[in-house]
Every structure is written in structure tokens, then in C-alpha cells.
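The block underneath contains the structure these notes are about, expressed in C-alpha cells.
Each reported figure results from applying straightforward, stated rules to the coordinates on display, with no laboratory input. Since we're looking at a predicted model, the values are computed, not measured. Cβ: placed from backbone, ideal geometry, glycine included. Neighbour counts: every protein chain shown.
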Amino acid sequence: MTRPAIFFDRDNTLIIGNDYLGDPAKVVLVSGAAEAIARARSMGFATVVVSNQSGVARGMFGEDDVRAVNARMDEMLCAENGEAIIDRHEFCPFHPQAPVEKYRLDSDRRKPRPGMLLAAAKEMDLDLAASWMIGDAARDVEAGKRAGCRAILFSDQSLPASPAAQAPPRVPPDFVASNLGQAMDYIAASRAQAPSTPPVAEAISPSVPDAPAEASISTSLARVPRAASDEPPPEPLESPQPFMPDTPSPSPEQSISGTRLEKLAEQILQELRRRHEIEHVDFSVSKLLAGIVQVVAVAVMFLAYLNKDSTGLEAIMLLAIFLQAMTCSLLIMSRQK
């Protein structure tokens with residue numbers, strides 16, 4: 001039987017840490033973390049932690065250190081609340097520019113890609129359409145949306161923001177919570193409403209590559225045999241009809257016209273709501289420099305054409321090739337998170 005889950009980011013969501021953490025002795029729980037985990041389980045959600053751990057790829061610590069930090073976090077959660085049990089841990093040690101060659105991989109598991117969520121859903125038979133993602137960074141929100149979940153951005157101003165949390169958002173969250181209790185209140189209130197059409201997985205990026213054949217980096221713990229598939233609905237779009245006494249029944253043509261007007265009114269209301277959504281931010285210094293270098297490269301190639309009979313043609317062509325390669329490198333840098 002499928003059941004929903006709440007996916008939690010780890011660092012600066014459940015434990016304090018805006019940098020790379022590989023020492024179990026330094027684990028400190030975020031205020032309200034144990035209560036949030038216990039409350040999620042009491043509502044029938046599976047609890048799954050999904051965390052990017054590129055400190056492994058950078059050679060700062062190993063995979064066993066990540067597992068040790070996770071185990072220490074589990075101990076502290078249960079010590080604070082006996083019902084605060086994490087059902088599964090997923091983490092990604094890969095990075096496309098890793099100094100450690102073993103972990104130099106553009107992995108589908110690395111957020112904002114949804115690989116970790118999809119892997120957990122497959123292993124645990126989870127209902128992603130009824131699930132949630134909670135994290136402190138835009139990449140957490142995007143990973144949740146791409147997996148087909150709803151997403152909450154956790155923004156606790158008392159915690160120092162991580163570099164990932166400072167990155168500009170590409171998709172808006174369903175809700176922004178200043179503490180974990182507020183996030184759980186929103187989920188509980190959403191479940192109490194009437195169900196609606198579930199979100200579609202990969203709505204942000206229709207063509208996400210298949211996950212590579214990597215070893216599943218996860219730890220399965222206790223599971224709660226509960227199910228809850230209520231889906232929080234969007235706000236209803238009401239189209240009230242005025243009361244008109246003593247009027248004849250509308251003709252079929254009038255009914256069709258009225259239906260079109262209702263649909264048009266709904267579209268207008270939706271566009272008004274979208275004004276408040278966070279717009280996609282796609283600017284970067286790397287892209288700006290790439291554009292400049294590309295212009296220079298074209299100019300050099302034109303110069304080479306004008307001087308095709310010159311003895312210095314080879315040097316000019318080499319310079320144009322070098323500038324073109326620099327343009328490609330800058331564009332690749334702009335795509336890295």
C-alpha cells in the first residue's frame with residue numbers, strides 16, 4: 001500500500017550546519033526538529049532525509065563520516081522525542097567538479113535533480129503526489145517539485161544561511177515557513193481540505209536524464225504501516241452567478257457563451273495570482289563574460305578572414321579557437337550549482 005512521505009533536507013533544516021559537516025560530535029538539532037519528525041509520523045507520513053554531501057567529493061570527509069553524522073542525528077532526535085524516527089536516509093556524495101576523481105559525476109541524485117526522492121519512493125512505495133519536501137534552499141524546493149511533491153521553503157532567520165540557501169530561486173515554493181512547527185501546521189491544514197488534482201512530476205524539467213547506475217547510499221530504519229493520501233487543494237476559483245428573477249431559461253448558445261466567460265474569468269484570476277510568484281532568475285556573471293568573449297572570438301575570426309593571405313594567419317586562428325573554448329568553459333560554469 002502506498003503512503004505519502006515528508007522529505008527533509010538535513011543541514012540547516014534538521015541540524016544546524018551551513019558548511020560541510022563530517023564530525024558527529026558537532027551535531028546540534030534545529031529547534032523543533034524532533035517534534036516535526038514525530039508529528040509527521042503521527043499524521044501517517046514516512047520520514048526521509050535527502051541531503052547533498054559534496055564534502056565527500058571534495059575530500060573533506062568520507063561516506064562513513066556522513067553515515068556517522070546521520071546516526072548521531074537519529075540518536076539525538078529519539079532522545080528528545082521517542083517517536084522522532086527517520087525512516088530512511090539518502091545522500092549524494094557526487095559533484096561534477098569534484099577534486100576526488102571517484103566522485104566526479106554529474107549525478108541525477110544531486111539536488112536540484114530529484115534522483116534521491118525518486119529512489120526512496122521506489123524502495124518504499126511512496127505516493128509522491130501526496131508527499132512534501134522541506135528544505136532551506138531553492139534547490140530543495142526544485143527537487144521536490146520535479147519529483148511531483150509539494151514543497152516548503154524553511155527560512156529560519158536565526159540560522160546562518162548556507163551558500164546554497166543564498167542561491168536565487170528558480171521555482172516558487174508552496175509555502176515559506178520560519179520554523180518547522182509552522183511548516184507542519186501548514187501541511188496539517190492542507191490535508192484537512194478537500195483533495196485536488198495531484199501535481200505532475202517533472203513539470204519543471206520534462207526531460208531529466210535517467211539516474212546512473214550508482215550504489216544506493218541509504219539506511220532503512222523503522223517504518224510506520226500507515227497510509228494517508230489526502231492532497232492539499234488549491235484555493236477554489238469561484239464564479240458567482242447573480243440572481244435574476246423571472247428570466248427565461250438560457251438558450252444553448254447563451255449557455256456556451258456563459259461557460260466561456262467563466263473560463264476566461266478563471267484564467268484572469270490565475271494570472272493575477274501568478275504576479276506574486278518568484279520569477280525565474282537566469283543571470284550570472286559567467287554568462288555575461290561568455291557573451292563578451294564570444295563577440296571577441298567572432299571579431300578575431302573576421303580579422304583572420306581579412307588577413308587570410310598573411311603570414312600571421314595561424315596565430316590569429318589559434319587565438320580565435322582559444323577564445324571559443326573559453327566561451328564554452330564559461331557557459332559550463334554558469335550551469336553549475
The stretch 1-74: spread of alpha-carbon positions along the three principal axes, whole Å, largest first, is 40, 27, 17
Mean Cα-pair separation over length for the stretch 34-171, i.e. relative contact order, pairs under 8 Å, 6 or more apart, %:
20 percent
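Fully extended, how many nm does the chain gain between Leu318 and Gln157 (0.36 nm per residue separation, minus their Cα-Cα distance)?
52.8 nm
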Surface/4 of the Cα convex hull for the stretch 20-134, nm²:
7.4 nm²
The stretch 99-177: relative contact order from alpha carbon pairs under 8 Å, six or more residues apart, as a whole percent, is 26 percent
Hey, could you grab the Kirkwood Rh for the stretch 61-206? Inverse mean 1/r over distinct alpha carbon pairs, Å, one decimal.
16.8 Å
Could you pull out the pairs from Lys122/Lys145; Lys122/Lys287; Lys26/Lys111; Lys111/Lys287; Lys26/Lys287 whose alpha carbons sit more than 28 Å apart here?
Lys122/Lys287; Lys26/Lys287
Karplus (6.51, -1.76, 1.60) ³J(HN,Hα), θ = phi - 60°, over the stretch 295-305, in Hz, Gly and Pro reported as x
4, 5, 4, 5, 5, 5, 5, 5, 5, 5, 5
Enumerate the amide H contacts of Cys92 below 5 Å, restricted to partners 5 or more residues apart or on another chain; note that Pro and chain-start residues carry no placed amide H.
Ser51, Asn52, Gln53
Once the Cα gyration tensor of the stretch 66-138 is diagonalised, semi-axes √(5λ) in Å:
25, 18, 11
If we sort 154-167, 74-87, 135-148 on the protection proxy, mean other Cβ atoms within 10 Å, highest first, what's the order?
135-148, 74-87, 154-167
The extension gain from Leu306 to Glu80, computed as 0.36 nm times the residue separation minus the Cα-Cα distance, is 73.8 nm
Separation in nanometres of the label points that stand 7 Å from Cα toward Cβ, at Leu29 and Ser286
3.9 nm
Proportion of all alpha-carbon pairs of the stretch 118-157 beyond 13 Å (%)
50 percent
State, as an integer percentage, the relative contact order of the stretch 1-105 based on alpha-carbon contacts under 8 Å between residues 6 or more apart.
32 percent
